[in-house]
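Worksheet: the structure to be examined is printed underneath.
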Amino acid sequence: MIPPTLLGISIMVFAITRLAPGGPLEQAMMQMQQVSEEGGGGRSSGSIQALSREQLEQMKRLYGFDKPHWQAYLIWLGILPRETEFRQIRFLGDELELSERVSLPSFPLAQLDWDRDGYLQRDEVPPTILKYINFNSLDQNQDNELDNEEINKPNSIIQGAREKVILKRDRLGGVTIVNLSELLGNWNVRMKERSPDQSNAVPVAELFMTQHEGVLQGNFGQSTRFGEPVLHVIAERLPVSTYFGLLTFLLTYAVCIPLGIFKAVRHNTLYDDLSSILIFVGYAVPGYALGSLLLLFFSVKLDWLPMGGLVSENHEQLSMFEQLKDLAEHSFQPLCCYLIGGFAFVTMMMKNHLMDNLSADYVRTAMAKGVSFGNAVRKHALRNSLVPLATNVGHQVTLFVTGSFLIETIFDIDGFGLLGFNSVIDRDYPVVMGVLTLSATLMLLGNILSDALVAMVDPRVRFE
Amino acid sequence: MKTILKLNPLTTKKLRRFRSIKRGYWSFIFLVLLYSLSLLGELFVNKRALIVSYQGEFFFPTYGEQISGKFFGFDYEYETNYRDLQKKFEKENSNDWLLMPIVPFGPYEMDYAKESSTGFSPPSFSSGHFCGTDKTERDVFARLLYGFRIAMTFSLGYLLLTYLIAICAGSIMGYFGGRTDMLGLRLVEIWANVPFLYMVIILVSVMPSWWGTGWQVSSLLLIMVLFSWTGMTYYIRAAVYKEKARDYVSAAKVIGASSARIIFRHLLPNVISTLVTFAPFTIAAAVSSITALDFLGYGLPPPTPSWGELLKQGVNNLRIAPWIVISSVSILVLTLTLVTFVGEAVREAFDPKKFSTYE
C-alpha cells in the first residue's frame, strides 16, 4: 500500500504549498521591490510598480507557477514533461520568418544505441548528429559500426553545439519550426496567448524543449534557496543526521534492554521505583529544553564543552585522536537530548513484556522442573520478550535520517531536520517536497521492515 | 456522561485503584491545585492592588474597572500605578492603605521603575522579581504563571477538540466497517503522514496580523487540531470494533435502534475508558508542542505570555540571563513530569497487570 499513500501525502503537501499565500513568488517579489526601491534612491512611489509584466512572468516560470496546479504536480512527478531552455521570440511588424540560435543538448552517443544490439551502424545515426561527430575517428576498427566500447568513449559525447532555429509565422498567427528535422531534442513552439488589453501587441512565439524530469526520473528539481539540485542539498546533510540517529539507536538499545531486564527482575524494589521516576522525568522533558539547560551548565557556566556545531574550526589540523575527542565533545550534548526521549519507551516495553513472560505458564513449568531463576529469565523469558522490541526497530529507521530540528537548532547542527525546517521558513518548496517524500518513504519502509523483523524473530508469524 | 459518573461499578473500581497509586494521585491533586491557582492568578500575581482603602472608601481593582491615576491624586489620566500609590501612602503617612498581591507585577507590564533599566534584571527579593525579568523588564514569574494558565487551557481545548473529531471518525469507521473503513483508514493514514509541524508553520505564518489575539489563538488551536487528530482515531476504531461484536449491540439493533443511537448511547460510554488512558499523554503532547511552536516563533501571538517564548529569550541570552532558562525549563519539566505521572497511574489503574514474582 505504499505508493498510493505516498502519492496522497505528496498531493496534500503540494496542494498546501501551492495554495498557501506568502509563497516563494510573493517573497521574491517583495525582495525585488525592496531592491528597486533602494536602488531608485527615493523616487516616487511609482517605483513600487517596478516589476514589469515580463519580470513577473519570468519569476512565475522559475517557481513553476505558470502552470495550473494539477499540471505542476504532474510535472513535479515526472509524468508531464518540463519545459526547459525557454525563450521568447517576438515577431515585429510584418516579419514572417525569424531565426534564433540555440544550444543543442549535450548527451553521450550511447543514448543513440536505440536498437539495443550494442552496435550502431553509420546509417542508424541521424544525419543531424552525424554532423557533430567524427564517425571515422570513433570507429577504430573501421567496420562502419560503433560497438559498445567505442560508443562509451569520452569523445563520443556531443556537446556545446549551437544551431539555428528557423521559425515561420503564417498570416493567421500560427508558428512552426521550419528546420525541426535538423535539430536535436524535442524543440517545441507555441504562440503566447495575449490578454485582452494588449491585443495590438506584437505576436510572441515561445520556444522551448520538453523533457521529463521529475521524481519518477529521480529528479527533485532545483532548490530555490541554494540554486543546487534538491537531491544534492539533501545528500549533503544526511550524514550528520544519520550519525546521530545511529548512535542514538545503538545506545538506546544498549542501555534499555539491560535496564528493562534489571527492573523486571527487581520489580517493586527501591531501584525499580527510582529508575522509573528518572525515566519518566526523562520522558517528560522535551529534548530541546534539556539541550538549553545543558548548554547553560556545560558550555556557559563550566565552559567544558563547545556551544554547538559538529566539529571545531581547526578540526582538519588535529591529530586522529584529537579529532575523535573533538567530535565526541561536540556530540555529547546533542546525543543526550536525542537519547532522553526514547529511554522510557523502550525500557518500559522491555520490562513489561519480560514480566508478562515471567508470569506465563511455561516459565513456571521451567522453574518447577528445577531450572534456576537466572536461566529461566535468560533462556526462556528473555527471548520471547525481545520479539515486541523488534517491531520497534523499524520505526526507529526514520530517526536514522531525519533527526530533530529542534535539537539541531539549539546546537547549530546543519542536518536534515534543520534543512526541512529552514526550507519551510524560506518557502524553498522543491526542498520541502523532497524532504517530505524522502522521510515519508523511509517511514513506510520502516513499517515494512518492522513486519519483516517480527516474521524473522517470531516463527509463529508468517506472511501469506 | 451521566451514566458513567453515576452507576458504573467498574469505573468506581478504577477510580479507587487510581487513588491507590500514590505518585500519580498526588501529581493529579497537585496539578489540579496548580491550575486552579493559576485561574485565580490575578489574586497572587498582578500589578493591580487587591484592596485599596482611600479616604474611608474601599476599592477592589483586581477584577473591577480601571481607576485613573487622577482619582488618587496623581497627575496622569491612565491607570493608577499601585506600587507608586503604595509608596505615596507610606510617604504621606495617611490612614489610607492598600494591599498588593504577593508578586506585584503583571505579565505584560514592563517595569521601568529603576533609573537605568536595560532589561534582564537578575532575580532578587528586594525588587520583588523572584525570577528576574526578561529583556523588556517584564516579570518572569508573572509570565511563567500566566503562561501555565494559557498552556493548560489551550491543551484542554486541544484535548476536547481532537477527541471530538477522533470519536466521530473512529466510531464511523469502526461501526460501519467494510468499505467505509477501508477508505477511511487510507485517508486517515495519508492525513496522519502530512507533517504536523511544517503545516502548522506554513499556515500560522500566513495568518493575517490584523486579527485580534483571540482569533489568532483559536485559529492556532484549530490548525493544530486539524493536523493531529488522527492518532486517537485508530484506538477508537479498534475499541468500537471490539465492542460492536458484543451481544448488547445486536440486541439494540434488533429492537430497532438507529445507528446514531447505538453509537452514542451504547458504544461510546464503553469506549470512553480507552480515551481516558490517553488523555494525560495528549495533554503533555499539546503542552510540549505549543511550547515548541512558541520557541520557534510560530505559536501564540506576542505579547501573550508563553514558556516557549521565554525559553527562546533564555537560549539567546544564556550568558546574560541564565535565570530565564533555569526557571522556564524547571516549570516546563515539572508540569510535564506531573502530567506523565498521572498518565502512567491512569494507565495502570485502567489496565492492571498482576504479576507473579519468584522470590
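Bear in mind that the values in this text are calculations on the coordinates, not laboratory data. If you're wondering where the values come from, they're calculated on a predicted model, not measured in any experiment. Note that each Cβ is placed from the backbone with ideal geometry, even for glycine, and that neighbours are counted across all protein chains shown.
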Cross-link pairs beyond the 24 Å C-alpha cut-off, checked among A:131/A:192; A:60/A:192; B:47/B:88; A:325/A:351; A:301/A:325; B:47/B:70: A:131/A:192; A:325/A:351
Coarse-grained scattering of the range A:350-464 at q = 0.09, 0.11, 0.17, 0.24 Å⁻¹, given as base-10 log I(q)/I(0) from a Debye sum over alpha-carbon atoms: -0.44, -0.57, -0.86, -1.20
Excluding the sites themselves, what is the longest stretch of chain A that contains no chymotrypsin sites (Phe, Trp or Tyr not before Pro) in a DSSP loop with at most 12 other C-beta atoms within 10 Å? A:115-303
Beyond 50 Å, what share of the Cα-Cα pairs of the protein assembly as shown is found? Please give it as a whole percent. 36
Are there any helices in chain A, counted as whole DSSP H runs, that stretch 18 Å or more along their axis by Cα and score at least -0.5 on average by Kyte-Doolittle, and if so which? A:2-19, A:230-265, A:270-284, A:320-358, A:382-402, A:429-457
So, with +1 on the Cβ of K and R and -1 on the Cβ of D and E, and no other charges, what is the size of the charge dipole of the protein assembly as shown about its Cα centre, to the nearest 20 debye? 4220
Cβ neighbours within 10 Å from other chains - mean over A:287-297: 6
Separation between Cα centres of the range A:73-100 and the range A:252-269, rounded to whole Å: 67
Return the loop-located GluC sites (Glu not before Pro) in the range B:11-97 (DSSP other than H, G, I, E, B) with at most 13 other Cβ atoms within 10 Å of their own Cβ; answer none if there are none. B:65, B:77
Principal semi-axes in Å for chain A [√(5λ), Cα gyration tensor, largest first]: 59, 32, 23
First measure r as the distance between the Cβ atoms of residue A:270 and residue A:141, then evaluate 1/(1 + (r/R0)^6) with R0 = 51 Å and state the FRET efficiency to the nearest 0.05. 0.05
Can you tell me how much longer the chain between residue A:297 and residue A:92 gets when fully stretched, taken as 0.36 nm per residue apart minus their C-alpha distance, in nm with one decimal? 66.6 nm
Charge-dipole axis of the protein assembly as shown as Lys and Arg at +1 and Asp and Glu at -1 on Cβ define it, positive-most pick from B:206, A:229, B:333: B:333
Expected output is a single nm value to one decimal: the length gained when fully extending between residue B:58 and residue B:30, i.e. 0.36 nm times separation in residues minus the C-alpha distance. What is it? 6.6 nm
Radius of gyration and Dmax over the Cα atoms of chain B, both given in Å: 25.6, 84
Once you sort the root eigenvalues of the Cα gyration tensor of the range A:227-310 as a ≥ b ≥ c, which label holds: rounded (a/c under 1.5), prolate (a/b larger than b/c) or oblate (the other case)? oblate
Give the range of the longest stretch in chain B that excludes all trypsin sites (Lys or Arg not before Pro) found in loop regions by DSSP and having at most 11 other beta-carbon atoms within 10 Å. B:115-318
Kindly identify the range B:28-145 as rounded, prolate or oblate by the Cα gyration tensor criterion: order the square roots of the eigenvalues as a ≥ b ≥ c, call it rounded if a/c is under 1.5, otherwise compare a/b with b/c, prolate if a/b is larger, else oblate. oblate
With at most 13 neighbouring Cβ atoms within 10 Å, loop trypsin sites (Lys or Arg not before Pro) (DSSP) excluded, longest segment of chain A: A:172-368
The range A:190-273 shape via C-alpha gyration tensor axes, a/c threshold 1.5: prolate
Sparse-neighbourhood loop hits (chymotrypsin sites (Phe, Trp or Tyr not before Pro), the range B:260-359; DSSP loop; Cβ within 10 Å at most 16 others) -> B:355, B:358
Which percent of Cα-Cα pairs in the range B:203-359 sits in each 5 Å bin, short to long? 1, 8, 12, 13, 13, 13, 11, 10, 7, 6, 4, 2, 1, 0, 0
Volume per residue, Å³, of the convex hull around the alpha-carbon atoms of the range B:73-232? 183
With contacts defined as alpha carbon pairs under 8 Å and 6 or more residues apart, what's the relative contact order of the range A:331-401 in percent? 34
